[in-house]
Amino acid sequence: ACTTQLKEGKLWLLLEYCPQSDMKRFLLKNRENILKDLKKKTTPESEFERLFIKWAHGVAKGMEYLFTKRIMHGDLAARNILIGTHGETENRYVAKITDFGLSKAFYDKSTYTKQERETFPWKWMDIYFLETNTFTMSSDVWSFGIVLWEMFSLGRSPYAGANARDTISDINSGYRLPVPVEISQVKLLAKIYEEVVNKCLLLDPKKRWTFTDLVDYFEAYLTPEEKDDYKRLEEQYVKMQNVITAKSKTSN
């Protein structure tokens, strides 16, 4: 961000370009190719099977960072995760969290009560919020479980055709979005989905996994090469941030 012309009413923002758009659009656009890849029998794991695990890890890692800053996203969904690229090949896709329009800073608070009930994306919202109108620092964990379903269903809408009242009743009765049919035959992804849902979509916010738990869970599935690749990516962005900060101080 450049604020040198702020007195003139101008604020300049430099934003990274993510050529693959958001996760939902990416999945819908590439749906047929992904399905073919997941059905391959020539290799133990498909390209997109590995990519989904890396995406889940990356999103959990980003959300863990927000959590350390006591910031709740409030609208975590596939449509709000941009897909960028890195490395020498175009198919090295990276998931990047965006759209913080509903985010709230908690700091010394453990809950936040929403004052107005305008239209909101209830399908991704924590069941606790839907019943009490109160966000907690675990609200995003519930949303992460829905994002995982979106990812594994290749961009389908959760609870399609359902209304909020009936869905809330069903959830309280024990219903959870089942393993998406798109990955039901991919044993590893089906196993991951069931285990994560059982820990993220719990009615009691205090009993849910934290994003640190989720990071640890997905890191256990990363190969040494994938861990090294993510570490290099982190180092790359730290260097970029340092350069931008240095130039900002110089210009001001």
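Taken over region 63-119, the criterion of being open to solvent by 50 Å² or more (accessible area, probe 1.4 Å), under 17 Å from the mean Cα position of the chain (by Cα) and modelled with pLDDT under 60 is satisfied by G101, L102.
Given the options Q241, Q236, name the one that is surrounded by 11 or more Cβ atoms within 10 Å (Cβ to Cβ) and modelled with pLDDT under 95. Outline the logic, then answer.
Details: Q241 fails: surrounded by 11 or more Cβ atoms within 10 Å (Cβ to Cβ).
The unique qualifying residue is Q236.
Pairs meeting the criteria (first residue in region 228-252 and assigned to a helix (DSSP H, G or I), second residue at pLDDT 75 or above and open to solvent by 100 Å² or more (accessible area, probe 1.4 Å), beta carbons under 8 Å, at least 6 apart or on different chains) are I244/L14.
Where in region 126-207 are there helices (runs of 4 or more DSSP H), lying fully within it, with 2 or more residues that are out of contact with any strand residue (DSSP E or B) (no Cβ under 9 Å at 6 or more places or on another chain) and among the aromatic types (F, W, Y)? If you could, list the steps in order and put the result at the bottom.
Values: elements: 127-132, 139-152, 164-172, 187-200.
Correct list: 139-152.
What about K36, is it in a helix (DSSP H, G or I), open to solvent by 50 Å² or more (accessible area, probe 1.4 Å) and free of Cβ contacts under 8 Å to residues at least 24 places away in the same chain?
yes
Restrict the check to region 175-195 and report whether at least one residue is at pLDDT below 95 and either loosely packed, with under 13 Cβ neighbours inside 10 Å or of a type in the set (K, R) (or both). Yes.
The values are calculated or read from the model by the stated rules, or taken from the named source; none is laboratory data. What you see is a predicted model; the values in this text were computed from it and never measured. So basically every Cβ, Gly included, is an ideal-geometry build from the backbone, and we count neighbours across all protein chains shown. For the accessible areas, the whole protein counts, side chains as well, though only heavy atoms, and no ligand, DNA or RNA atoms are used. Shrake-Rupley method; radii C 1.70, N 1.55, O 1.52, S 1.80 Å.
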